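Chemist: I have a structure here, written as structure tokens, and I will follow up with some questions on it.
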Amino acid sequence: MKNKNPVWTFFASVKLALFTLFFLATTSIIGTVIPQKETVQWYNEKYGEATANLFQVLAITPDMYSSVWFLSLLGLLCVNLIVCSIDRFPGVWRQITANNLDLSLNRLEKMSPQYSWQANDSRESTASSLKNSLQALGWKTEEQTSEDRTLLFAQKGAMTRTGVYIVHASILVIFAGAIIGSILGFKGMVMLPETRGTDKIQTFDDKAIVNLGFEVRCDRFDIEFYDNGMPKTYRSLLTILENGNIVAGYDRKEIVVNGPLSYKGITFYQSSYEPYQEFLVTITNKNTGLTETAITRYQQQHSLKDSGLRIGIINAKAIGQSVKNMKVWFADDDSEPSLFWLDNGEQATVERKKSSYTISAKQMYATGLQVAKDPGVWMVYIGCGLMILGLIIAFFMSHRRIWLLVHDTPSGKSAILMAGHANKNKGGFEKTFQALVQKINQNQDVLRS
């Protein structure tokens, strides 16, 4: 028998589950308190060389959650859950599918709660009345009749006995999703300058280059600052391209912190930014409608290819590395150059002899995108949903059973014994039982009238 096998008994032990959960919880707290994935020098400076060396020997750093011993604890918990479920579930299933009409009178009389009374009708009529009353109250009823008695049985929540096994399954599903994500997924970073695109990113862990299978382009990056120069909010406009063509629905999609963009299972998070000493200028000829965009370096003249116009940023006021406003030099072949100040990201209208121009300029940035692919995330979500469902069933629902024994009395009346049982929340079930007794008696009075 499997329950006599010491190896099977060990892995089916509840004590093993408690032991594993305790150490997983304890080590997870340690891994949260001690920062992960830092450099050796950082740990030496933070905790001292001796303590940092101890952390390395115990594999607490640089990534405890990927260490052999931590993964072994997770594996031990999985094995324990599987064996424990296999060992105990057949007995639970027998309780769910048991023939509850195969019950001795002696056992019925010992049940609590119970209630007995007499009815004026015959046994057959009383049993039929009770059955109709139970079904009217939502209790599906089974019946067994013998020469001297009729036994009725009804139950609710038989499948609630599986709540704990749903929780077991949910943990395994979450682990499976995490494994799939770690094997088939990746996390990386890319600094993407405005107007430029890429189809590759570099992963965090092994610095490998991953081909995305499509191109992501940063069309624009905007940032707002507080008065003290601290960044207030920043956003990027991203476009997804395949084979050089813009993907429908993914043209200039805005992303912000906590507002990512997802495409083909790959998610782009707004993570950081980097200012450049270059400026993105846009010039529109209001007479012809021609619009040209160019990137010009600080204090360098730039000639536009199509119109021959010349522009440059000759001065700038900044807080830190971020430009607040700039002095623009603009010229054509018809008159003297124009000089004017322009706030970063704003536009101005410049009148020339033959044309009128709208000019906008902004400091150029690279948007820092954190890129992640996790094909197992939906399994993790499903597992979390299963866990919530299982916990609700396990803690707040119970298997409730009702028996009604009807037998003849010497006076020609019928005697009724009603008994019930719940595997959990027995106090709550007693209230349900008493309320059910009252409703049954009321229904019987109505039926007799």
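The values are calculated or read from the model by the stated rules, or taken from the named source; none is laboratory data. In this text, all values refer to a predicted model and were calculated from it rather than measured experimentally. All Cβ positions, glycine included, derive from the backbone under ideal geometry; neighbour counts span all protein chains shown.
Chemist: Any idea which of (1) part of a strand (DSSP E or B); (2) under 28 Å from the mean Cα position of the chain (by Cα); (3) of a type in the set (D, E, K, R) is the one residue 206 doesn't satisfy?
Modeler: It fails just one condition, (1).
Chemist: If you don't mind, there's one more thing I want to ask. Within region 24-40, track down each residue that is modelled with pLDDT under 90 and either more than 12 Å from residue 60 (Cα to Cα) or over 26 Å from the mean Cα position of the chain (by Cα) (or both).
Modeler: 38, 39, 40, listed by residue number.
Chemist: Something else: Residues that are farther than 18 Å from residue 376 by Cα, part of a strand (DSSP E or B) and in contact with a Gly (Cβ under 8 Å, 6 or more places away or on another chain): does region 160-173 have at least one?
Modeler: Within region 160-173, the first condition is being farther than 18 Å from residue 376 by Cα, and the residues that meet it are 160-168.
When the remaining residues are screened for being part of a strand (DSSP E or B), the result is none.
So far as region 160-173 goes, no, none of its residues is farther than 18 Å from residue 376 by Cα, part of a strand (DSSP E or B) and in contact with a Gly (Cβ under 8 Å, 6 or more places away or on another chain).
Chemist: Exposed (fewer than 15 other Cβ atoms within 10 Å of the Cβ), under 49 Å from the mean Cα position of the chain (by Cα) and touching a residue at least 60 places away in the same chain (Cβ under 8 Å) - does that describe any residue in region 348-364? Steps first, please.
Modeler: First, pick out the residues of region 348-364 that are exposed (fewer than 15 other Cβ atoms within 10 Å of the Cβ): 349, 351, 353-354, 356, 358.
Restricting the remaining residues to those that are under 49 Å from the mean Cα position of the chain (by Cα) gives 358.
The next check asks that each one be touching a residue at least 60 places away in the same chain (Cβ under 8 Å); those that pass are 358.
Within region 348-364, one or more residues are exposed (fewer than 15 other Cβ atoms within 10 Å of the Cβ), under 49 Å from the mean Cα position of the chain (by Cα) and touching a residue at least 60 places away in the same chain (Cβ under 8 Å).
Chemist: Continuing with the same structure: For region 404-425, give me each residue that is closer than 13 Å to residue 114 by Cα and not aliphatic (A, V, I, L, M).
Modeler: Going through region 404-425, the residues closer than 13 Å to residue 114 by Cα turn out to be 404-405, 416-422.
The answer is 420, 421.
Chemist: Among the strands (runs of 3 or more DSSP E) contained in region 320-421, which hold 3 or more residues that are farther than 30 Å from residue 217 by Cβ?
Modeler: Values: elements: 322-331, 338-343, 347-351, 356-373, 400-408.
Fully inside region 320-421 and qualifying: 338-343, 400-408.
Chemist: Then there is this: Let me confirm something: among 21, 58, 108, which residue is touching a residue at least 12 places away in the same chain (Cβ under 8 Å) and either over 29 Å from the mean Cα position of the chain (by Cα) or crowded, with 16+ Cβ neighbours inside 10 Å (or both)?
Modeler: Values: 21 fails: either over 29 Å from the mean Cα position of the chain (by Cα) or crowded, with 16+ Cβ neighbours inside 10 Å (or both); 58 fails: touching a residue at least 12 places away in the same chain (Cβ under 8 Å).
Going through 21, 58, 108 in turn, just one is touching a residue at least 12 places away in the same chain (Cβ under 8 Å) and either over 29 Å from the mean Cα position of the chain (by Cα) or crowded, with 16+ Cβ neighbours inside 10 Å (or both): 108.
Yes or no, residue by residue, for (1) surrounded by fewer than 17 Cβ atoms within 10 Å (Cβ to Cβ); (2) closer than 30 Å to residue 316 by Cα:
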site: 237; (1), (2): no, yes
site: 247; (1), (2): yes, no
site: 251; (1), (2): yes, no
site: 257; (1), (2): yes, yes
site: 287; (1), (2): yes, yes
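Chemist: Can you name the condition, by its number, that residue 50 falls short on among (1) without any contact (Cβ under 8 Å) to a residue 40 or more places away in the chain; (2) in contact with a helix residue (DSSP H, G or I) (Cβ under 9 Å, 6 or more places away or on another chain)?
Modeler: All conditions are met except number (2).
Chemist: In addition: Give me the residue from region 4-18 that is of a type outside the set (S, T, N, Q) and loosely packed, with under 14 Cβ neighbours inside 10 Å and, out of that set, modelled with the lowest pLDDT. Give the derivation first.
Modeler: Keep residues of region 4-18 that are of a type outside the set (S, T, N, Q), which gives 4, 6-8, 10-12, 14-18.
Subset that is loosely packed, with under 14 Cβ neighbours inside 10 Å: 4, 6-7, 10, 14-15, 18.
Working: 4: 65, 6: 88, 7: 90, 10: 91, 14: 89, 15: 92, 18: 91.
Checked region 4-18; the qualifying residue modelled with the lowest pLDDT is 4.
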